[in-house]
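Single-structure report; data block below.
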Amino acid sequence: MNDTDRAILAFELEHWHYPGNKERIIQERFGFSPNRYYQRLNRLLDEPEALAQQPALVKRLLNRRDQRAQRRRVTHES
């Protein structure tokens with residue numbers, strides 16, 4: 001994990017402290033699109049070092065990702 005990866009995890013812990021649109025803040029703080037940010041975050045969630053550094057956050061975000069995937073599967077099966 002590099003400094004940007006650690007900053008992404010820290011941001012996920014605290015982004016609700018900042019007023020405004022999360023996507024705008026992502027662009028301002030990290031300099032890349034929200035789409036790129038979420039791609040990077042999703043890859044980061046699969047890193048053992050991320051889990052070791054922020055276990056509660058990573059588990060919560062993995063759970064949320066799994067719930068979204070499950071909803072998509074159910075929607076496509078209907």
Legend entry - Number of the condition not met by P48 [criteria: (1) over 13 Å from the mean Cα position of the chain (by Cα); (2) surrounded by 12 or more Cβ atoms within 10 Å (Cβ to Cβ)]: (2)
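Condition check ((1) within 14 Å of R6 (Cα to Cα); (2) touching a helix residue (DSSP H, G or I) at 6+ places or on another chain (Cβ under 6 Å); (3) surrounded by 13 or more Cβ atoms within 10 Å (Cβ to Cβ)) across all residues:
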site: G31; (1), (2), (3): no, no, no
site: R36; (1), (2), (3): no, no, yes
site: Q39; (1), (2), (3): no, no, no
site: R43; (1), (2), (3): yes, no, no
site: V58; (1), (2), (3): yes, yes, yes
site: D66; (1), (2), (3): no, no, no
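Values in this text are rule-based calculations from the coordinates and carry no lab data. Every value quoted in this text rests on a predicted model; they were computed, and no experiment measured them. In this analysis, Cβ positions are derived from the backbone assuming ideal geometry, glycine residues included, and neighbour counts consider all displayed protein chains.
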